[in-house]
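Below: the structure, in structure tokens.
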Amino acid sequence: MSQIIEAIEQKQFQEGRTHFKVGDGVKVHMRVVEGDKERIQIFAGIVIAHKGRGLNETFTVRRIAHGEGVERVFPSHSPSIAKIEVERESVAMRARLYYLRDRQGKSATKVKEKRFVPQAKVAKVAAAAKVVVAATALAPEAPATA
């Protein structure tokens, strides 16, 4: 029986969905079906909790909308999630950031930030560095002058 359940779960499991951690600012792109039309709705906020594992994994995102705190729990492997973008990385000193619920104003969205460099920029810089290293290896060395 468990082999059947594992086979079904394996089909629904989505790789690469958990590349963020608690404290990160994320944009969750959700597929919303209205009648016969489908559109993408974005929910942006701070990840305050990450629970479960495997197919039962969920994360909670909190944002301030019109002066009110709004939290939403998302299943990590839901087919209704189009993609998850990490806007900013943070250094959270706790596993759950429930203390943000008691805060108001700007402090309700503040978590110590880590300097964030998008992966596309890292790849571009790494490729440029390889070109420079290759060019210096091919260049003839100048004779040393005294």
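Among the residues of segment 59-70, is any basic (Lys, Arg) and closer than 20 Å to Leu100 by Cβ? Checked against the condition, which is being basic (Lys, Arg) and closer than 20 Å to Leu100 by Cβ, segment 59-70 yields at least one hit. Among the residues of segment 61-92, write down those that are in contact (Cβ under 8 Å) with a residue 60 or more places away in the chain, within 17 Å of Lys110 (Cα to Cα) and of a type in the set (A, V, I, L, M, F, W, C). Hits for segment 61-92 are Val86, Val91, Ala92.
All conditions but one from (1) modelled with pLDDT of 65 or more; (2) of a type outside the set (Val, Ile, Thr); (3) surrounded by fewer than 10 Cβ atoms within 10 Å (Cβ to Cβ) apply to Pro140; the one that does not is (1).
Look at segment 93-114: where a residue is within 18 Å of Phe20 (Cα to Cα) and a partner is among the β-branched types (Val, Ile, Thr) and exposed (fewer than 12 other Cβ atoms within 10 Å of the Cβ), sitting 6+ places away or on another chain with Cβ atoms under 6 Å, you get Lys112/Val91; Lys114/Val91. When the residues of segment 1-49 are filtered to those that are in a loop (DSSP other than H, G, I, E, B), of a type in the set (A, V, I, L, M, F, W, C) and open to solvent by less than 80 Å² (accessible area, probe 1.4 Å), the one that is nearest to Arg94 (Cα to Cα) is Val22. Within segment 52-74, at least one residue is surrounded by 13 or more Cβ atoms within 10 Å (Cβ to Cβ), hydroxyl-bearing (Ser, Thr, Tyr) and out of contact with any Ser or Thr (no Cβ under 8 Å at 6 or more places or on another chain). Residues in segment 75-89 that are open to solvent by less than 30 Å² (accessible area, probe 1.4 Å) and in a loop (DSSP other than H, G, I, E, B): Ser76, His77, Ser78. Please verify whether segment 90-106 includes one or more residues that are part of a loop (DSSP other than H, G, I, E, B), among the small types (Gly, Ala, Ser) and surrounded by fewer than 16 Cβ atoms within 10 Å (Cβ to Cβ). Taking every residue of segment 90-106 in turn, at least one turns out to be part of a loop (DSSP other than H, G, I, E, B), among the small types (Gly, Ala, Ser) and surrounded by fewer than 16 Cβ atoms within 10 Å (Cβ to Cβ).
The values are calculated or read from the model by the stated rules, or taken from the named source; none is laboratory data. Note that the structure is a prediction, hence the values are computed from the model and not measured. FYI the Cβ positions are ideal-geometry reconstructions off the backbone, even for glycines, and counts take in every protein chain you see. Note: areas computed on protein heavy atoms with side chains; ligands, DNA, RNA excluded. Shrake-Rupley method; radii C 1.70, N 1.55, O 1.52, S 1.80 Å.
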